[in-house]
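Following: one structure in structure tokens, then a few remarks.
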Amino acid sequence: MKISACIVAKNEELNLPRLLKSIDGLFHEIILVDTGSTDNTIEIARDYGCKVYKKDWQGMADARNFGILKVSGDWIWHFDADFELENPNDVEKVKEIIQKESPDIISIFYRNLTIYGRDSFVERRMIHRKDKNLYWIKPVHENLILPKGIRIARSDVKIKHYGYFTQDILFEKTKGYLKYLSQNFKDCYDFVYLIKSLFILSFVDKNYINEFFKFHSRFIKVCNPTFLDFLYAVNLLVFNQKIEQAMLLLEMNKSFSGRFYYEFFRAIAEYESGQYDISRQRFLKCKKYPEEDIYIYPFSLLYDPLKIIDYYLQKLQ
């Protein structure tokens, strides 16, 4: 079984060595698609034995698909330059999943590292069989197309991601995403990321809050909102003291009860409504959840939910 690593990079001389050290010698080959570097990215890649191909930038999906054409392996594991493989044994773990489950796609987890001492996790489908029917779509926030009957396996493999190391980096990248999405809005997939971008930026500029709810009300009418889409709305309502509206939204979405952030926001809303006993019980329940449920992107990059819980529990003493 041959697994090829495929990297898309541009001007990544600071990040790339860290990634390449973590995957050196673990793959059948390493393909690097360079989209216009003017620094030492290409030289660094070649020093590590990467096969380097140049491609004009036409979006992330286009670059990833170009890389797929260049690999000779049976499977492809996609990387960004600001990644780092957390455990070298995970390559063998992926091979075991392939042999036992015979999937077409395997999901992994990004561990978004921050200077704040709290990581967040997001699940992404970054490993797939080399197949003409499996390819990437969307210039930004790219995703794999999922043909009918596709088999997806989940793994607990984690990749360290340094792309949102500080809030300033997060906000700056999000502004770029929002600008692009505002000009190239096409479908519900774009709508999801438009909503998320407005949510994130509302933490630095409250003018984005009204824009968020304007688009969110349209979004829930034409698309199928997920748990995260619900959380963005209730989060802004709770943090901006719109408690009555938040409670109404929580009541309307009781199907999400039991998940950490549902319970977390409900506990805050209950406290702010004067329901102190039930709020305290719910806060204590929240502290027992595993970190994978608590520290998820983008919430824990914006604040530490456990510190907020401790703040309320202290007030409830």
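The values are calculated or read from the model by the stated rules, or taken from the named source; none is laboratory data. What you are looking at is a predicted structure, and each value in this text was computed from that prediction instead of being measured. FYI the Cβ positions are ideal-geometry reconstructions off the backbone, even for glycines, and counts take in every protein chain you see. Accessible surface areas use protein heavy atoms only, side chains included; no ligands, DNA or RNA. Shrake-Rupley method; radii C 1.70, N 1.55, O 1.52, S 1.80 Å.
For this structure, a couple of remarks:
- Alpha-carbon centroid distance for the pair the range 168-227 / the range 267-295, whole angstrom: 27
- 3J(HN,Hα) along the range 112-120, derived from phi through the Karplus expression 6.51 cos²θ - 1.76 cosθ + 1.60 where θ = phi - 60°, amounts to 6, 7, 9, 6, 8, x, 9, 8, 10 Hz, with x in place of Gly and Pro.
- Note on GLN183 and LEU248: their simple-model spin labels are 3.8 nm apart, each label 7 Å out from Cα toward Cβ.
- Modelled label reach - ASP293, point 7 Å along Cα→Cβ, the range 238-263 residues with backbone N closer than 17 Å: 254-263
- Loop-located trypsin sites (Lys or Arg not before Pro) in the range 96-166 whose Cβ has at most 12 other Cβ within 10 Å (DSSP): LYS132, LYS148, ARG151
- Solvent-accessible heavy-atom area per residue, rounded to whole Å², over the chain at 1.4 Å: 49
- Ligands, DNA and RNA left out, the accessible area of the range 109-237 computed with a 1.4 Å probe is 51% carbon and sulfur.
- When only alpha carbons are used to place a centre, the range 73-96 and the range 132-160 end up 14 Å from one another.
- Exceedance of the 19 Å cut-off in Cα-Cα distance is limited, within the set LYS175/LYS206; LYS51/LYS158; LYS10/LYS132, to LYS51/LYS158; LYS10/LYS132.
- Cross-link pairs exceeding 19 Å between alpha carbons, from the set LYS287/LYS315; LYS2/LYS93; LYS173/LYS214; LYS54/LYS186; LYS285/LYS307: LYS173/LYS214; LYS54/LYS186.
- LYS307-GLU123 FRET efficiency (beta carbon distance; Förster radius 22 Å; 0.05 resolution): 0.35
- FRET efficiency, 1/(1 + (r/R0)^6) with R0 45 Å, evaluated for TYR116 and HIS28 via beta carbons: 0.75
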